Structure formats: structure tokens, C-alpha cells
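Next up is a structure, given as C-alpha cells.
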Amino acid sequence: AETMAADQAPLEFGGPLGAAALVLLLPTTMFHLILAASSGPARLLGPPPYLPGLEELWSPWALLLLLTWLGLQAALYLLPARKVAEGMELKDKNRLRYPINGFQALVLTALLVGLGVSAGLPLGALSKMLLPLAFATTLTCFIFSLLLYVRSLLAPASALAPGGNSGNPIYDFFLGRELNPRIGSFDFKYFCELRPGLIGWVLINLALLMQEAELRGTPSLAMWLVNGFQLLYVGDALWYEEAVLTTMDIIHDGLGFMLAFGDLAWVPFTYSLQAQFLLYHPQSLELPMALFICFINAIGYYIFRGANSQKNTFRKNPSDPSVAGLATIPTATGRQLLVSGWWGMVRHPNYLGDLIMALAWSLPCGVSHLLPYFYLLYFTALLVHREARDEQQCLQKYGRAWKEYCQRVPYRIVPYVY
Ligand SMILES: NC(=O)C1=CN([C@@H]2O[C@H](COP(=O)(O)OP(=O)(O)OC[C@H]3O[C@@H](n4cnc5c(N)ncnc54)[C@H](OP(=O)(O)O)[C@@H]3O)[C@@H](O)[C@H]2O)C=CC1
Ligand SMILES: CC(C)CCC[C@@H](C)[C@H]1CC=C2C3=C(CC[C@@]21C)[C@@]1(C)CC[C@H](O)C(C)(C)[C@@H]1CC3
């Protein structure tokens, strides 16, 4: 990888040029997908069905709705938590504290939305506001990332992320300079990673389901499946919220445009693509096929959850009876690497499970269009790239022990394939 200075981490994402391209490409792709999903041909590749004018994109109501949503989620974040967890050790040997109340936020949001709907709130109408909402969110993310960048210029060196302080403003704006920007105990990155975007995603899905019921009398089986699978995924993420403290996003990456836009805009507006597609392109799904797709999702979830829980349990307490019998490799840091169980099958079994679920989320949309398979394609690219980034970081952390692990477990994500 390219480097800027001897003490600077290698540049990722193709350096400043790659970062600049992504700052433009990610929002453009998101708008293309939203437009394509509601168009007749629903083409993934090729030009967008039409170019929307500013009057279609900009709506002060959409901005107000977004700010209310962010305010609500921030208020729920600040409510008393059942537990306060400590993050990983920082450069200055301190550990930050994080409230574990994400699942509570999901349940309270569901209650509020349920009350609103029973009082006549037209939730289905949200499906017609996706374009202006995505536009308002994108603008907000640009302003938010700019503020974070300016704020990071005043932060001490010990508060900076290992990768986002190259000195190139565009690269650092994209990757994020400050590791854990906070106001008091309010942690912006942790908040963004799990709350407004993930809960917003299932809310958009629900709005699309309700709109379908309004249009066709009842939601289709395909729409139920997509809603159910993705609700399980989001509920799982919030139930196991503490595990996010050990992900590369929290430990390694700063909060810049990549995570701000990724968490707040990309996740809700592109991860809901299958439900968007189904609203405009109804699919008839027979029960046996639906059961088969549920089976695929269950296998994916079983691998994803099994692998993530095994590693999290092992990292918390290696002598826990559920992991104590597993073979390990000692490392110079004092930590061990699992080399049997899920982590002895491939080096990223959790990615494999996640990819199998991604397939199950697209299958209810049939095979007539490529568009609903966008998530599967994008996610494969994201995880292959993420795996390479993690590999680099593990090689730095564990050196020879990591090389031995790679020899003993030669496949990265898919056994005997990759
Ligand atoms: N839906 C989405 O858009 C996305 C979902 N994800 C999902 O998030 C989850 C977390 O992913 P991510 O943070 O990338 O990575 P992982 O949860 O796979 O974590 C990687 C870390 O695990 C530790 N590790 C690796 N191998 C071993 C081993 N053999 N034994 C013990 N510890 C090991 C290392 O850290 P250490 O040794 O320091 O503990 C390594 O850095 C995954 O399930 C992924 O699929 C991720 C990105 C996007
Ligand atoms: C598209 C850009 C180049 C990059 C944006 C990436 C982000 C959208 C993702 C980076 C890591 C993520 C994680 C999840 C959602 C997507 C982003 C933010 C996650 C919260 C999904 C639910 C999982 O259970 C998880 C393990 C908690 C995930 C953590 C990583």
C-alpha cells in the first residue's frame, strides 16, 4: 500500500484519489438505487431512469423529519442503561464507557411508532419520501463530517485514529481523523453505528410493507420475509450491542465521512433496497420456496451468530466452558487465536454467515432483476476488502502467530474456494 510518511499507517481505499472518488460515488450510487427501484425496468446497470430536479430532492419537511429522528434516537441513547460496558484499551491506556441500551431503544421506538400508527400516523407515506429524506441525510452527513474534521484539528495526537491523519484533508475527511469524538459521555461514532441508521432501516422496511398493504390489500409473502429477516439482523445487532466495541470500526477507524454516511445514509436507504423493489415489482412466492429461503437464512444466521458469539466469549473469558476445549495458538501479546471450532473452518466464518443471509434477503425478489442482488454484490466486495484490511492489522498485531494461523486455516471466507 502507498504510504505518506514513515510514522503514518499505510493509506487505504486507493489514497486521496480513491477517497475523493468514494465521497462522490457513494451518494450517487445510493440515489441511483432509490430511483431505479421505483422505475419500471429497475435496472442496476446503465443510466438512472431520470435525473431528479432540486424541487424533488429538497424538502424542508424531510430535513425536519430527519432531525426529529436523530433527536429521538439521541434521547433514547441518553436514557439509563441496563449496563455500561468498557471499550478496548486506548493509546493512553484509558478505556471509554458505553451505555448498553440499543435494544431498549429499538423496543421504545417500536412502541412509539405503534402508538403513532394506531393514532392514524400514515407511516406508509414514508415510502414516497425516500428521495428527499436521502438527500437531507446526505447533506447532513457532509456538514457533520466537516464539523468532525474541523474539531479533530484541535484534538491531541493521542485522540487520533491510526489511519485517518495522513495530512491530506480529503483522505482524512473521508476516513475520519478523531477516533472517538465525544461531547461529555455522548459518543458520536458508537451512536451512529447502531442507532439511527439500523433502526431507520427497519422503519423504512415497515413503511414499505404498510404501503404495499394499502396498495394491494395485504403485504406479499416476499415482503414479509424481507422484513422479518432484516428485523432479525437488526434486533440481533442491538441485542449483542456490546460486541460492536471490538469491531474495526470502533477500535481502528476514525469517525469521518465513510462511517457517518455509511451508518446514517447508506445503511437505511440502500439496505432497504429489496423492500423498495418489492413495493414496485410484486413477486409471487410459493410456500415451499419461501420455506427454502427461510432455511437458507437460518443457516446463515446460525453460522454468523455462532462464529461471532464464539469469538466474543473467547475474548471475554477463554476459560468459559463453551470455548475452553478449543485448540488455540498463543501470540506474543498474551492473547490467543482460536484455531478450531468456527474459527478453524475459515478465517472469517462470521463473514460467510453474513453472506449467506445476504443471499436469502435477495431471493424473495425472484431472479428477473439484478437490482435486488445489489446488496449481495456490494457486501461481497465490502467483506473481501474488509478481510484484507483486518488481515493486515492482525499481521501487525500478532506477527508469526498470525502466519501460523493462516497456514493452519488457509481459507479466508468460503471453505475450499476463497
Ligand atoms: N452488514 C454489514 O454491512 C456489515 C456487517 N459486518 C459484520 O460485522 C461482524 C464483525 O466484523 P468485523 O469487525 O469486520 O470482524 P471480526 O468480528 O471478524 O473481527 C476480526 C477480529 O477478530 C479477531 N480474530 C480474528 N481471528 C481470530 C481467531 N482465530 N481467534 C480469535 N480472535 C480472532 C481479531 O481481533 P483481536 O485479536 O484483536 O480480538 C480480528 O481483528 C461480522 O459478522 C461481519 O459480517 C461487518 C461489516 C459490514
Ligand atoms: C460503503 C462504504 C465504503 C463503507 C460503509 C460501511 C458501513 C455501511 C458498514 C461498516 C461496518 C458496518 C457494520 C454494520 C453495519 C454496516 C457498517 C456500518 C453492523 C452494525 C451491521 C449489524 C451487525 O450485526 C454488526 C456486527 C453489529 C455490524 C458492525 C459493522
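The values are calculated or read from the model by the stated rules, or taken from the named source; none is laboratory data. The shown structure was predicted, so the numbers you read here are calculated from the model rather than taken from an experiment. Using ideal geometry, Cβ is built from the backbone for each residue, glycine included, and neighbour counts are taken over all protein chains shown. Note: areas computed on protein heavy atoms with side chains; ligands, DNA, RNA excluded. Shrake-Rupley method; radii C 1.70, N 1.55, O 1.52, S 1.80 Å.
In Å², and per residue, what accessible area does region 284-356 have when probed at 1.4 Å with the other protein chains present?
Normalised by residue count, the accessible surface of region 284-356 is 49 Å².
Counting only helical runs of four or more DSSP H residues, what would the 222 nm mean residue ellipticity of the chain come to if each run contributes -39,500 (n - 2.57) and the total is spread over all its residues?
Helix contribution divided over all residues of the chain: -18500 deg cm²/dmol.
Got a number for the accessible area of Thr333? Probe 1.4 Å, square angstrom, nearest 10.
80
Further question: Computed FRET efficiency, Cβ-Cβ of Met345 and Arg97, R0 45 Å: what is it to the nearest 0.05?
For R0 = 45 Å, the calculated efficiency reads 0.80.
What longest range of the chain stays clear of loop-exposed GluC sites (Glu not before Pro) (DSSP non-H/G/I/E/B, at most 15 other C-beta within 10 angstrom)?
90-285
Here is a further query. Identify the chymotrypsin sites (Phe, Trp or Tyr not before Pro) of region 10-73 meeting these criteria: DSSP loop state and at most 16 other C-beta atoms within 10 Å of the C-beta.
In loop regions of region 10-73 (DSSP not H, G, I, E or B), the sparsely surrounded chymotrypsin sites (Phe, Trp or Tyr not before Pro) are Tyr50, Trp58.
A further question follows. How much accessible area per residue does region 223-266 have, in Å², with a 1.4 Å probe?
27
Another question, then. Counting Lys and Arg as +1 and Asp and Glu as -1, each charge on the Cβ, what is the dipole of the chain about the Cα centre in debye, to the nearest 20?
800
What size of dipole, in debye to the nearest 20, comes out for region 60-132 about its Cα centre when the only charges are +1 on Lys and Arg C-beta atoms and -1 on Asp and Glu C-beta atoms?
140
Please find, in a Gaussian network model of the chain (springs between Cα atoms separated by less than 10 Å), the residue of Leu153, Leu363, Leu131 whose mean-square fluctuation is greatest.
Between Leu153, Leu363, Leu131, it is Leu153 that shows the largest mean-square fluctuation.
May I pose another question? Cα axis of helix 130-152 to longest principal axis of the chain: angle in degrees, 0 to 90, nearest 10?
30
Something else: Send over the per residue convex hull volume for region 23-125, Cα only, as a whole number of Å³.
200
What part of the accessible area of region 198-277, given as a whole %, is carbon or sulfur when the probe is 1.4 angstrom?
The C+S portion of the solvent-accessible surface of region 198-277 is 71 percent.
Right, something else. At a Cα cut-off below 27 Å, give the lysines reachable from Lys93, other chains included and same-chain residues fewer than 8 away excluded.
Lys83, Lys189, Lys311, Lys316, Lys397
Given 20 °C and 1.002 mPa s, compute D for the chain with the Stokes-Einstein relation, Rh being the Kirkwood radius over Cα pairs; round to the nearest whole µm²/s.
For these conditions, the coefficient is 95 µm²/s.
To continue, here is another question. Over all distinct Cα pairs, what is the inverse of the mean 1/r for region 110-221, reported as the Kirkwood hydrodynamic radius in Å?
The Cα-based Kirkwood calculation yields 16.8 Å.
Here's another thing I want to ask about it. Against the longest principal axis of the chain, how steep is helix 15-37, in degrees 0 to 90 to the nearest 10, with axes from Cα atoms?
Helix 15-37 sits at roughly 30 degrees to that axis.
Apply the Karplus parameterisation 6.51 cos²θ - 1.76 cosθ + 1.60, with θ equal to phi minus 60°, to every residue of region 166-178 and state each ³J(HN,Hα) to the nearest whole Hz, in sequence, with x for glycine and proline.
Calculated HN-Hα couplings, in order: 7, x, 8, x, 5, 4, 5, 4, 5, 7, x, 7, 8 Hz.
Sticking with this structure for a sec: How big is the charge dipole of region 149-219 about its Cα centre, in debye rounded to the nearest 20, if each Lys and Arg gets +1 on its Cβ and each Asp and Glu gets -1 on its Cβ?
Using only the charged Cβ atoms, the result is roughly 160 debye.
Working out 0.36 nm times the residue gap between Leu44 and Asn312, then minus their Cα-Cα distance, what length gain in nm do you get to one decimal?
Length difference between fully extended and current span is 92.7 nm.
Roughly speaking, to the nearest percent, how much of region 289-418's 1.4 Å accessible area is carbon and sulfur?
Exposed carbon and sulfur together represent 63 percent of the surface.
What is the helix-to-structure angle for 102-118, meaning the angle in degrees between its Cα long axis and the longest Cα principal axis of the chain, kept from 0 to 90 and rounded to the nearest 10?
Tilt relative to the chain: about 10 degrees.
Considering the chain as a Gaussian network with a 10 Å cut-off on Cα pairs, which listed residue, Gln392, Gln104, Gln274, attains the greatest mean-square fluctuation?
Among Gln392, Gln104, Gln274, the largest GNM mean-square fluctuation belongs to Gln392.
Per residue, how big is the convex hull around the C-alpha atoms of region 255-386? Give it to me in cubic angstrom, could you?
Roughly 145 Å³ of hull volume per residue.
Tell me, what is the FRET efficiency for Thr246 and Leu111 to the nearest 0.05, using R0 = 22 angstrom and their Cβ-Cβ distance as r?
Once rounded, the FRET efficiency stands at 0.15.
Select from Leu24, Pro10, Ala85 the residue farthest towards the positive end of the dipole of the chain; place +1 on Cβ of Lys and Arg, -1 on Cβ of Asp and Glu, and compute about the Cα centre.
Going by the charge dipole, the pick is Ala85.
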